[in-house]
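All of the numbers you see were taken from the coordinates with simple rules; none came from a lab. None of these values were measured; they are calculated from a predicted model. For neighbour counting, all protein chains shown are included, and Cβ atoms are generated from backbone atoms with ideal geometry for every residue, glycine included.
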Amino acid sequence: MSYSIYENVNNNTLSMVNVFVVPIESSTFHWHEEYEMIGVLKGSILVRVQSEVIHLHEGDVILVNSNIIHAIQGRESEENLCMFLQINPKLMDLQEEDKTELRFYLDSTSDEKPTCGYSYFFRKMALIIFNTMSDDKHAVFRVRADACGLIADLFDYVVYDVRFRDATVQNNRELTISIISYFETHLAEEKIMELVCHEFGISRKTLDRNVKMTIGISGKEIVDSLRLEKAKQMLKTTNKNMNYILDCCGFGSEKSFYRIFRQETGLTPKEFREKGLIMHKNDVLKGYLHVRTTEAKEILRKILCDENSENKEKECNT
Amino acid sequence: MRKKQCNKILVRDSYTEEAKRCLSKLNISEKIELLSGKMSLEEVRDAIQNRRKTHYNEFPYRGGGCEKAGIPPVLFVDGTRGVVCGSGKATCFPVSVLRGATFDPILERKIGEAIAEEVKAAGGNLFAGICVNLPYHPGWGRSQESYGEDTFLLGEMGAALTEGIQEKGIIACVKHFAFNSMENARFDVSISASKRAEREVFLPQFKRCIDAGAGAVMSSYNQYQGSMCGQNDYLLRKVLKEEWKFDGFVMTDFNWGIKDTVLAIHAGQDLEMPNTNFYGDNLRKAFENGEVEEKVIEEAALRIVRTVLSTQSKLQDSIQKNIQKKDSCNYKEHQKLALECAREGITMVKNENQILPLKGKRAQGNIVILGRLADQEVTGDKGSSQVYPPYVTTILKGIQKAATGAEIIYYNGDSLSHSKRLAKEADTVIVVVGNDFHDEGEYVKSDDGMEAVMHMGGDRQEGVGLKERDRNLIMEITSVRKDAIVVLLGGGMIMMQEWISEVAAVLLSYYPGMEGGTAIGEILFGKVNPSGKLPFVVPKRETDLPKIDWKAKEQVYEYYRGYTLLQKKGVEPLFPFGYGLSYTTFTMYDMKVWQEQESIYASIQVNNNGKREGDEIVQMYVGVPNSTVERPERILKAFQRVHLKKGESKRVVLSCRIEDMGFYDEEKGTVRIEYTTYAVYLGNSSDLNDLQKYSFLLSAIM
């Protein structure tokens, strides 16, 4: 099992768009170049974007910007189903060498409402995904066209800003990525922070400033989150005892293992394991589970056919 | 200066005989052909209204000319901020109002030379871009095309541009003669003014350009005292040609500049441009009817031909020289000149706690830029002065170039809550607001109900403050922090009273040309020290400005306007005329005043006691406290830009000719000089607190 938190979205290079529907169990902090739109079709999820925690319910939609660190968690109490639309920044005419980044503010739980309403985007996502489920072998072109239409809508109706980073800032980001990779392979080390500083020849202060500036959370928070995720995986997929796991994950003491675990999951490690949450998901990357397409199709069809819903009214025509 | 003026008359006059020889080969019809433009009405009008593939004046517009007699045509090139002809080539300089803020006629002359080179490259021989109309009210839509609100400043800058252009053999055409300071009403309004207002305020800058040798004058659309300026005998014949001894030619403003053949030709209108409507056949008929004598036509033709011939020889000379030097039009150099000009003209009026230049965390952290104009190519209006440069460096690009190690975040400012959120988290907030071609500029008349399409430009009839959108943005940001930096764009004065106390710094960037963004970036980050000075007063209240009815059929231009009106009312301005801050500090001391021959001289020691080099504009104002007539308390009579290194000190000497300190005696119809006490002021703005005063008794020269 890879713990890499950098998610390399496997794009269809022709469409530059990747779509899927999955129930979310959990995904650790990660980021990718692609813009990611998430729409909740069923149940509810928690999305952590940088240091903010956002609770999304059925009908909610959120856009996670390119290279923004985020994590998604399902709620244990209920099943969920989410639709994902990932767009390559190249489709927005952004070239890597420009070092230009567009950041959209689309989150149906915030006050920053797009001029056409949120449900417009929810429906649009549903439509794009529904189309990909057909047997049409040319669907790829339709998806690309629809995604371009969606991008135009983002520009027209959603608040967005433009960020420019010069070489220094760019280097900072690359440094952060290297630091995180180092963390991933040295989680067992209790004095991981000292080691990483030594490895990169920087002070703890510089490290924290750099990491905070590039992804918005502290080095410690990253390590805690990585350790927790590794512990969860081990609890779920192995029979190793608690001491072994807490050593592997570098928690140092049982006390801090329990404290951090409880803080994040609301359960003790033991409860977590006992609750029968252990499922074999080795075939699925980071908790995105493929659900039977028929169920998804049914929900999508309902959304699209819902003529008298408010969606229709809010839909905006240019 | 005086000597040069004598020369120019001789130069042009020496072509009189040759011009007469050319004309002697022509019959009356052929002579009449010389007096009008050769374009079709549709061609020009459609281009103005964007209904053609080629833009307005994409190529020089031809007037007159006769190949068989060896008379070259007038090849008209429009502009004020550069050469209108062509696409993707011409240099877009900062607009004239910014150039006024440089108080640098030497630079303006260089710009003139550069423009002349580009006129030549475009195949033209006349540049109609010397606009010296004084904005009676700063809401005038085309204030951007003129050098500010002061008669003397307008004259000096206009003369410098004229000299630069004609130095290279191109005819300088001064416009719009006269009283053309209302845009939307320009075809209908009749202006009136007292004789003193006319001769002391609204005309002297034209005379200054004529004295500098201008070869052509364009009449305006509006009326003066009930008579169209294009066929106004008093303005064209009596004042311009007789009193001022103007020996060049007069042309109409385009298409709608005259309405009566016989009136126009008798009034001294020499060339109808850019098409033939009231001249041509109509003029021939008037001649055949005996309404117009041949000598009147002859005189107009002689003026045009003489000017074109004198220019032609100079052009040939210059082309010869260029071939020898292998020097063609150097656009790259001109772009540098545009940048230099923007650096000198951008004016800093507020800089609390020395927030500028940006340094430390403010320069290297998160810099949030708000306002859609930051990301647009804002070079001025889209009327007849629109230039089509190869590129424009926006403010956003300019800041990116100047910043190192910073993360720059740009947002258009549409959502106030998002703007506020960004502002809260930023290390530095720069708000870019103001006007663009939608808000002010030339108003293009639509003659077929295309009002919706053409709705742009014109006067700022709704007031001269920021738009509501911009004010709201500033207020929203200032609700979370008081250290925002405001960059203003706009071709005229913008009211600031409402929000000025809430922000830390304000830069006026006017319309700073194709390299304007670069200059703004350099100034914000301290690579360039700002040195522009306001070419207009910024009052606290709009009611401190002259009253104007933008839709009027009749409008009086009063004697007092701008800073003279505030002085008269005893009203404190927000920022005085001539005011502008620097990153260094200058002190002035040891003022001396003396009389020598026909001039008053004043000198002062200027010291740079700040931490870096910079430019200061030393200004001389003169008042006549015991005058027999009412006069402004003090008006600008001389200025000098001086460059000082850190710690350096220089003595600056300014002078003003005695005849330029007189008043116009309405009864006698002449300028009268008073031998009495003069108050001479030197300093770095028109405000008393920034000036040193010296009372001086002027004595008559024996």
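Give the calculated FRET efficiency between B:Asp549 and A:Thr109 to the nearest 0.05, with a Förster radius of 60 Å applied to their Cβ-Cβ distance.
Efficiency computed from Cβ-Cβ geometry: 0.65.
At R0 = 51 Å, how high is the FRET efficiency between A:Ala152 and A:Arg259 if r is their beta carbon distance? Nearest 0.05 is fine.
Once the sixth-power term is evaluated, E becomes 0.55.
Show me B:252-262, A:134-144 ranked by packing, highest mean number of other Cβ atoms within 10 Å first.
Packing order, densest peptide first, comes out as B:252-262, A:134-144.
In what sequence do B:Cys85, A:Cys248 fall when counting other Cβ within 10 Å, fewest first?
The fewest-first ordering by Cβ neighbours comes to A:Cys248, B:Cys85.
Per DSSP helix of 4 or more residues, -39500 (n - 2.57); summed, then divided by the residues of the protein assembly as shown. What does that give at 222 nm, rounded to the nearest 500?
Calculated mean residue ellipticity at 222 nm is -10000 deg cm²/dmol.
Grab the other residues whose beta carbon is less than 14 angstrom from that of A:His57, score K and R as +1, D and E as -1, and report the net.
Cβ neighbours under 14 Å give a net charge of -3.
Rank these for me by crowding, B:Lys382, B:Lys20, going from fewest to most other beta carbons within 10 Å.
In increasing order of surrounding Cβ atoms, one gets B:Lys20, B:Lys382.
Which entries of B:Lys397/B:Lys424; B:Lys110/B:Lys295; B:Lys482/B:Lys569; A:Lys113/B:Lys540; B:Lys38/B:Lys259; A:Lys205/A:Lys230 show an alpha-carbon separation above 29 angstrom in the structure shown?
B:Lys110/B:Lys295; B:Lys482/B:Lys569; A:Lys113/B:Lys540
Would you please classify the overall shape of segment A:22-178 from the alpha carbon gyration tensor, given that a ≥ b ≥ c denote the square roots of the eigenvalues, rounded means a/c under 1.5, and beyond that prolate means a/b larger than b/c while oblate covers the rest?
oblate
Could you give P(r) for segment B:347-569, binned at 10 Å from zero, as whole percent values over all Cα-Cα pairs?
Spelled out bin by bin, segment B:347-569 gives 8, 31, 35, 20, 7, 1 percent.
Quick one: of the DSSP bridges fully inside the protein assembly as shown, what percent are antiparallel, nearest 5?
In the protein assembly as shown, DSSP labels about 70 percent of beta bridges as antiparallel.
By per-residue mean of other Cβ atoms within 10 Å, what is the highest-first order of B:383-390, B:671-678, A:158-165, B:625-632?
Ranked by mean Cβ neighbours within 10 Å, highest first: B:383-390, A:158-165, B:671-678, B:625-632.
Of all beta bridges DSSP finds with both residues in chain B, what is the antiparallel percent, to the nearest 5?
Close to 60 percent.
Assign one of three labels to segment B:366-478, namely rounded, prolate or oblate, based on the Cα gyration tensor with a ≥ b ≥ c the square roots of its eigenvalues; rounded applies when a/c is under 1.5, prolate when it is not and a/b is larger than b/c, and oblate otherwise.
oblate
Averaged over its residues, how many other protein chain Cβ atoms are within 10 Å of peptide A:101-113's Cβ atoms?
Mean number of neighbouring Cβ atoms from other chains: 2.
Distance from the Cα centre of segment B:475-524 to that of segment A:164-180, in angstrom?
If you average the Cα positions of each part, the centres end up 32 Å apart.
Determine which lysines satisfy two conditions relative to A:Lys42: a Cα distance under 16 Å, and not lying fewer than 8 residues away in the same chain.
Within the straight-line limit of under 16 Å, A:Lys42 reaches these lysines: A:Lys297, A:Lys302.
Could you check the simple spin-label distance between A:Glu58 and B:Ser227, using points 7 Å along Cα→Cβ, in nm with one decimal?
With each label placed 7 Å out from Cα toward Cβ, I get 8.6 nm.
Taking every pair of alpha-carbon atoms in the protein assembly as shown, give the share separated by more than 50 Å as a whole percent.
Of all Cα-Cα distances in the protein assembly as shown, 37 percent exceed 50 Å.
For the charge dipole of chain B, defined by +1 on Lys and Arg C-beta atoms and -1 on Asp and Glu C-beta atoms about the Cα centroid, which residue among B:Gln595, B:Gly226, B:Tyr443 has the Cα displaced farthest towards the positive pole?
Going by the charge dipole, the pick is B:Gln595.
Convex hull over the Cα atoms of segment A:167-274, averaged projected area in nm²?
The Cα convex hull of segment A:167-274, projected and averaged over all directions, gives 6.8 nm².
Which aspartates and glutamates have a Cα less than 17 Å from the Cα of B:Lys241, not counting those fewer than 8 places away in the same chain?
The reachable aspartates and glutamates, counting only those whose Cα sits under 17 Å from B:Lys241, are B:Asp13, B:Glu198, B:Asp211, B:Asp233, B:Asp270, B:Glu298, B:Glu299.
Work from the charge dipole of chain B (Cβ charges, +1 for Lys and Arg, -1 for Asp and Glu, about the Cα centre) and give the residue of B:Leu682, B:Ser24, B:Gly158 farthest towards its positive end.
So the residue we want is B:Leu682.
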